[in-house]
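Novice: Sending over a structure as C-alpha coordinates; questions will come in a sec.
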Amino acid sequence: MDNPSVFISYSHDNESHKEWVLKLATDLRSHGVDTILDQWDLRLGRDLRFFMESGLSSVKLVLCICSEAYVKKVNSGTGGSGYEGMIMTQALLKDANSDYIISIVRNNESVNKVPTAFGSKLYIDFSNDNDYFSNYQQLLERIYDEDIKKKPPLGNNPFSDTTKALIERKTRIESITYHSPSPKGKVVFPFDNNNGDFLLGNGEYAFETHWSRAGNNSIHVYGNIGFSPDCTEYPDIQDIPALDFSSRSRTIRTGQIVVYMNEYSHFVAIKLGEVKSSGHGFPYDEMQFEYRIYGIS
(Lines give C-alpha, C1' and ligand atoms only; values in the text may rest on other atoms or scores of the structure.)
Protein backbone atom coordinates (compact mmCIF):
# COMPACT_ATOMS: atom_id res chain seq x y z
CA MET A 1 0.00 0.00 0.00
CA ASP A 2 1.37 3.44 -0.96
CA ASN A 3 0.76 6.36 1.40
CA PRO A 4 -2.41 5.37 3.28
CA SER A 5 -4.44 8.34 4.56
CA VAL A 6 -5.69 8.92 8.11
CA PHE A 7 -7.69 11.61 9.88
CA ILE A 8 -6.89 12.34 13.54
CA SER A 9 -9.93 13.06 15.69
CA TYR A 10 -9.18 14.41 19.18
CA SER A 11 -10.18 17.03 21.72
CA HIS A 12 -8.06 20.06 22.63
CA ASP A 13 -7.77 19.08 26.32
CA ASN A 14 -4.65 21.16 26.99
CA GLU A 15 -1.41 22.24 25.28
CA SER A 16 0.47 19.15 26.43
CA HIS A 17 -2.16 16.87 24.88
CA LYS A 18 -2.15 18.88 21.62
CA GLU A 19 1.66 18.61 21.45
CA TRP A 20 1.50 14.82 21.92
CA VAL A 21 -1.05 14.50 19.11
CA LEU A 22 1.14 16.71 16.92
CA LYS A 23 4.15 14.44 17.57
CA LEU A 24 2.15 11.33 16.68
CA ALA A 25 0.93 12.95 13.45
CA THR A 26 4.46 14.08 12.58
CA ASP A 27 5.86 10.59 13.17
CA LEU A 28 3.17 9.07 10.96
CA ARG A 29 3.88 11.47 8.10
CA SER A 30 7.60 10.69 8.38
CA HIS A 31 6.68 7.04 7.73
CA GLY A 32 4.57 7.70 4.64
CA VAL A 33 1.13 8.06 6.24
CA ASP A 34 -0.82 10.99 4.74
CA THR A 35 -2.14 12.42 8.00
CA ILE A 36 -4.89 15.05 8.21
CA LEU A 37 -4.66 17.13 11.40
CA ASP A 38 -6.47 20.34 12.24
CA GLN A 39 -3.24 21.93 13.48
CA TRP A 40 -1.98 21.76 9.88
CA ASP A 41 -5.04 21.58 7.67
CA LEU A 42 -7.72 23.75 9.30
CA ARG A 43 -6.76 27.13 7.90
CA LEU A 44 -8.02 30.44 9.22
CA GLY A 45 -11.46 31.22 7.84
CA ARG A 46 -12.25 27.66 6.76
CA ASP A 47 -15.57 26.13 7.80
CA LEU A 48 -14.97 23.75 10.73
CA ARG A 49 -17.83 21.38 9.93
CA PHE A 50 -16.81 21.14 6.28
CA PHE A 51 -13.23 20.35 7.35
CA MET A 52 -14.42 17.54 9.62
CA GLU A 53 -16.92 16.09 7.14
CA SER A 54 -14.56 16.15 4.17
CA GLY A 55 -11.63 14.85 6.24
CA LEU A 56 -13.55 11.94 7.71
CA SER A 57 -15.01 10.93 4.35
CA SER A 58 -11.78 11.10 2.35
CA VAL A 59 -9.44 8.85 4.37
CA LYS A 60 -8.88 5.13 4.76
CA LEU A 61 -8.73 5.25 8.57
CA VAL A 62 -9.70 7.54 11.43
CA LEU A 63 -7.47 7.66 14.52
CA CYS A 64 -9.54 8.64 17.55
CA ILE A 65 -7.40 9.88 20.46
CA CYS A 66 -9.62 8.72 23.30
CA SER A 67 -8.76 10.96 26.22
CA GLU A 68 -11.26 11.11 29.06
CA ALA A 69 -12.54 14.48 27.80
CA TYR A 70 -12.83 13.20 24.21
CA VAL A 71 -14.93 10.20 25.25
CA LYS A 72 -17.29 12.41 27.24
CA LYS A 73 -17.73 14.85 24.33
CA VAL A 74 -18.40 12.09 21.81
CA ASN A 75 -20.87 10.36 24.13
CA SER A 76 -22.72 13.63 24.80
CA GLY A 77 -22.44 14.93 21.23
CA THR A 78 -20.87 18.24 22.30
CA GLY A 79 -18.14 20.28 20.62
CA GLY A 80 -16.14 19.38 17.54
CA SER A 81 -15.34 15.94 18.93
CA GLY A 82 -19.04 15.28 19.44
CA TYR A 83 -19.80 16.28 15.85
CA GLU A 84 -17.03 14.04 14.51
CA GLY A 85 -18.35 11.23 16.69
CA MET A 86 -21.83 11.68 15.19
CA ILE A 87 -20.42 11.42 11.65
CA MET A 88 -18.46 8.27 12.55
CA THR A 89 -21.47 6.74 14.31
CA GLN A 90 -23.57 7.19 11.19
CA ALA A 91 -20.89 5.42 9.17
CA LEU A 92 -20.82 2.55 11.66
CA LEU A 93 -24.59 2.17 11.48
CA LYS A 94 -24.42 1.96 7.69
CA ASP A 95 -21.71 -0.70 7.81
CA ALA A 96 -21.70 -2.84 10.93
CA ASN A 97 -18.43 -4.46 9.87
CA SER A 98 -16.60 -1.19 9.33
CA ASP A 99 -13.11 -1.25 10.83
CA TYR A 100 -11.96 2.17 9.70
CA ILE A 101 -11.80 3.54 13.26
CA ILE A 102 -8.69 2.94 15.36
CA SER A 103 -9.08 3.97 18.99
CA ILE A 104 -5.96 5.27 20.74
CA VAL A 105 -6.25 5.67 24.51
CA ARG A 106 -4.33 8.60 26.01
CA ASN A 107 -4.87 10.61 29.24
CA ASN A 108 -7.85 8.47 30.22
CA GLU A 109 -8.15 7.13 33.75
CA SER A 110 -11.89 6.46 33.53
CA VAL A 111 -13.50 3.07 32.99
CA ASN A 112 -14.87 4.29 29.63
CA LYS A 113 -11.80 3.97 27.45
CA VAL A 114 -13.64 4.49 24.14
CA PRO A 115 -16.96 6.14 23.19
CA THR A 116 -20.07 4.01 23.61
CA ALA A 117 -20.81 4.10 19.87
CA PHE A 118 -17.54 2.32 19.12
CA GLY A 119 -18.82 -0.74 20.96
CA SER A 120 -16.26 -3.42 21.80
CA LYS A 121 -13.60 -2.36 19.30
CA LEU A 122 -10.04 -3.05 20.43
CA TYR A 123 -7.80 -0.08 21.15
CA ILE A 124 -4.11 0.75 21.47
CA ASP A 125 -3.14 2.12 24.88
CA PHE A 126 -0.59 4.94 24.56
CA SER A 127 -0.86 5.95 28.24
CA ASN A 128 2.71 4.95 29.10
CA ASP A 129 5.31 6.99 27.23
CA ASN A 130 7.90 4.26 27.85
CA ASP A 131 5.87 1.99 25.54
CA TYR A 132 5.48 4.59 22.78
CA PHE A 133 7.87 2.87 20.35
CA SER A 134 6.28 -0.60 20.54
CA ASN A 135 2.74 0.82 20.41
CA TYR A 136 3.69 3.04 17.47
CA GLN A 137 5.03 0.01 15.60
CA GLN A 138 1.75 -1.81 16.26
CA LEU A 139 -0.18 1.20 14.94
CA LEU A 140 1.93 1.41 11.78
CA GLU A 141 1.43 -2.30 11.12
CA ARG A 142 -2.35 -1.85 11.41
CA ILE A 143 -2.35 1.17 9.09
CA TYR A 144 -0.30 -0.66 6.45
CA ASP A 145 -2.18 -3.99 6.99
CA GLU A 146 1.09 -5.63 7.98
CA ASP A 147 -0.57 -7.12 11.07
CA ILE A 148 -2.45 -9.54 8.78
CA LYS A 149 0.85 -11.05 7.62
CA LYS A 150 1.74 -12.23 11.14
CA LYS A 151 -0.70 -15.10 10.76
CA PRO A 152 1.26 -18.24 9.81
CA PRO A 153 0.50 -19.76 6.40
CA LEU A 154 -1.83 -22.76 6.33
CA GLY A 155 0.18 -25.95 5.91
CA ASN A 156 -0.65 -29.09 3.94
CA ASN A 157 -2.64 -31.99 5.37
CA PRO A 158 0.03 -34.11 7.13
CA PHE A 159 -1.95 -37.36 6.67
CA SER A 160 -1.43 -39.49 3.57
CA ASP A 161 -1.42 -43.17 2.57
CA THR A 162 2.12 -43.32 1.18
CA THR A 163 5.13 -44.40 3.20
CA LYS A 164 7.01 -41.28 2.15
CA ALA A 165 4.18 -39.10 3.37
CA LEU A 166 4.09 -40.99 6.68
CA ILE A 167 7.80 -40.35 7.20
CA GLU A 168 7.44 -36.69 6.26
CA ARG A 169 4.44 -36.36 8.56
CA LYS A 170 6.39 -37.84 11.47
CA THR A 171 9.29 -35.50 10.77
CA ARG A 172 7.03 -32.45 10.60
CA ILE A 173 5.17 -33.36 13.77
CA GLU A 174 8.40 -33.99 15.68
CA SER A 175 9.88 -30.71 14.40
CA ILE A 176 7.36 -28.64 16.41
CA THR A 177 9.39 -29.65 19.46
CA TYR A 178 12.04 -27.30 18.11
CA HIS A 179 9.80 -24.30 17.47
CA SER A 180 9.03 -21.36 19.76
CA PRO A 181 6.30 -19.18 18.15
CA SER A 182 6.26 -16.50 20.88
CA PRO A 183 7.74 -13.04 20.15
CA LYS A 184 10.20 -13.49 23.03
CA GLY A 185 11.20 -16.21 25.46
CA LYS A 186 13.74 -18.68 26.80
CA VAL A 187 14.78 -21.88 25.02
CA VAL A 188 16.58 -25.08 26.02
CA PHE A 189 17.68 -26.87 22.85
CA PRO A 190 19.53 -30.22 22.48
CA PHE A 191 21.26 -28.95 19.37
CA ASP A 192 22.46 -32.37 18.19
CA ASN A 193 18.76 -33.00 17.31
CA ASN A 194 16.78 -31.70 14.30
CA ASN A 195 20.03 -31.10 12.38
CA GLY A 196 20.81 -28.23 14.75
CA ASP A 197 17.82 -26.22 13.48
CA PHE A 198 15.50 -24.26 15.78
CA LEU A 199 12.59 -22.14 14.48
CA LEU A 200 11.60 -18.89 16.19
CA GLY A 201 8.42 -16.89 15.51
CA ASN A 202 5.78 -17.35 12.80
CA GLY A 203 4.79 -16.10 9.36
CA GLU A 204 6.78 -13.10 8.19
CA TYR A 205 8.34 -13.03 11.65
CA ALA A 206 9.77 -16.58 11.43
CA PHE A 207 13.52 -17.17 11.80
CA GLU A 208 15.29 -20.45 10.97
CA THR A 209 18.31 -20.61 13.27
CA HIS A 210 21.10 -23.17 12.88
CA TRP A 211 23.69 -24.26 15.47
CA SER A 212 26.56 -26.73 15.85
CA ARG A 213 29.01 -27.82 18.53
CA ALA A 214 31.99 -25.63 19.40
CA GLY A 215 32.76 -26.16 23.10
CA ASN A 216 31.42 -25.61 26.57
CA ASN A 217 29.77 -22.16 26.77
CA SER A 218 30.46 -21.51 23.08
CA ILE A 219 28.70 -22.52 19.86
CA HIS A 220 28.81 -22.07 16.08
CA VAL A 221 25.85 -20.19 14.58
CA TYR A 222 24.97 -19.94 10.86
CA GLY A 223 22.72 -17.79 8.65
CA ASN A 224 22.12 -14.17 7.76
CA ILE A 225 23.47 -12.90 11.06
CA GLY A 226 24.81 -9.70 12.56
CA PHE A 227 27.37 -9.81 15.36
CA SER A 228 29.64 -7.69 17.51
CA PRO A 229 31.78 -9.30 20.23
CA ASP A 230 30.96 -6.40 22.57
CA CYS A 231 27.19 -6.75 22.14
CA THR A 232 25.84 -8.31 25.36
CA GLU A 233 22.53 -6.39 25.70
CA TYR A 234 19.62 -6.37 23.27
CA PRO A 235 20.35 -3.56 20.80
CA ASP A 236 17.79 -0.93 19.88
CA ILE A 237 16.46 -1.61 16.40
CA GLN A 238 18.12 1.54 15.03
CA ASP A 239 21.51 0.21 16.23
CA ILE A 240 21.24 -3.15 14.44
CA PRO A 241 22.74 -1.88 11.11
CA ALA A 242 25.97 -1.17 13.03
CA LEU A 243 26.46 -4.93 13.59
CA ASP A 244 28.75 -6.90 11.27
CA PHE A 245 26.62 -8.89 8.80
CA SER A 246 29.56 -9.81 6.56
CA SER A 247 29.87 -13.47 7.66
CA ARG A 248 27.23 -16.22 7.57
CA SER A 249 28.93 -18.16 10.37
CA ARG A 250 30.13 -17.06 13.78
CA THR A 251 31.35 -18.61 16.98
CA ILE A 252 29.77 -16.91 19.97
CA ARG A 253 30.19 -17.35 23.71
CA THR A 254 27.81 -17.29 26.67
CA GLY A 255 26.48 -13.78 27.25
CA GLN A 256 27.01 -12.58 23.68
CA ILE A 257 24.22 -11.66 21.27
CA VAL A 258 23.70 -12.54 17.62
CA VAL A 259 20.97 -10.99 15.43
CA TYR A 260 19.22 -12.88 12.61
CA MET A 261 17.60 -11.06 9.69
CA ASN A 262 14.98 -13.01 7.71
CA GLU A 263 13.84 -12.64 4.08
CA TYR A 264 11.27 -10.00 5.10
CA SER A 265 13.98 -7.81 6.73
CA HIS A 266 12.69 -8.51 10.24
CA PHE A 267 15.09 -9.15 13.10
CA VAL A 268 15.46 -11.38 16.14
CA ALA A 269 18.17 -10.91 18.78
CA ILE A 270 19.41 -14.08 20.52
CA LYS A 271 21.43 -13.97 23.75
CA LEU A 272 23.41 -17.15 24.38
CA GLY A 273 23.17 -18.79 27.79
CA GLU A 274 24.89 -21.94 29.07
CA VAL A 275 26.21 -24.43 26.49
CA LYS A 276 27.07 -28.06 27.27
CA SER A 277 29.13 -30.02 24.74
CA SER A 278 29.30 -33.82 24.44
CA GLY A 279 32.78 -33.40 22.97
CA HIS A 280 34.02 -31.57 26.04
CA GLY A 281 33.07 -33.67 29.06
CA PHE A 282 29.27 -33.66 29.07
CA PRO A 283 27.14 -36.71 28.13
CA TYR A 284 24.94 -34.65 25.78
CA ASP A 285 24.77 -31.47 23.70
CA GLU A 286 22.52 -28.72 25.05
CA MET A 287 22.26 -24.96 24.72
CA GLN A 288 20.16 -22.33 26.41
CA PHE A 289 19.29 -18.93 25.01
CA GLU A 290 16.90 -16.02 25.34
CA TYR A 291 15.48 -14.18 22.35
CA ARG A 292 13.41 -11.18 21.34
CA ILE A 293 11.74 -10.61 17.95
CA TYR A 294 11.57 -6.96 16.89
CA GLY A 295 8.31 -5.54 15.57
CA ILE A 296 5.84 -7.69 17.53
CA SER A 297 4.90 -7.76 21.18
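Novice: Please go through the range 221-251 and give me each residue that is within 20 Å of residue 192 (Cβ to Cβ) and in contact with a Phe, Trp or Tyr (Cβ under 7 Å, 6 or more places away or on another chain), ordered by number.
Specialist: 221, 223, 249, 250
Novice: Right, another one. Is at least one residue of the range 186-207 at pLDDT below 90 and over 26 Å from residue 286 (Cα atoms)?
Specialist: yes
The rows are residues; the columns are (1) modelled with pLDDT of 65 or more; (2) not basic (Lys, Arg).
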site	(1), (2)
133	yes, yes
153	yes, yes
164	yes, no
171	no, yes
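Novice: Here are some residues: 107, 112. Which one is in contact (Cβ under 8 Å) with a residue 60 or more places away in the chain and either outside any helix (DSSP H, G or I) or outside the structural domain of residue 10 (by TED's automatic domain parsing) (or both)?
Specialist: That would be 107, the only listed residue that is in contact (Cβ under 8 Å) with a residue 60 or more places away in the chain and either outside any helix (DSSP H, G or I) or outside the structural domain of residue 10 (by TED's automatic domain parsing) (or both).
Novice: Follow-up question, since we're still on this one. Among the residues of the range 27-82, which ones are of a type outside the set (Gly, Ala, Ser) and at pLDDT below 70?
Specialist: Selection gives 43, 44, 46, 47, 48, 49, 50, 51, 52, 53.
Novice: Which of the residues belonging to the range 114-141 are of a type in the set (D, E, K, R) and either in contact with a helix residue (DSSP H, G or I) (Cβ under 6 Å, 6 or more places away or on another chain) or surrounded by 17 or more Cβ atoms within 10 Å (Cβ to Cβ) (or both)?
Specialist: 141
The values are calculated or read from the model by the stated rules, or taken from the named source; none is laboratory data. What you see is a predicted model, and the numbers here were worked out from it, not measured in a lab. Don't worry about glycine lacking a Cβ; one is built from the backbone with ideal geometry, like all the others, and counts go over all protein chains shown.
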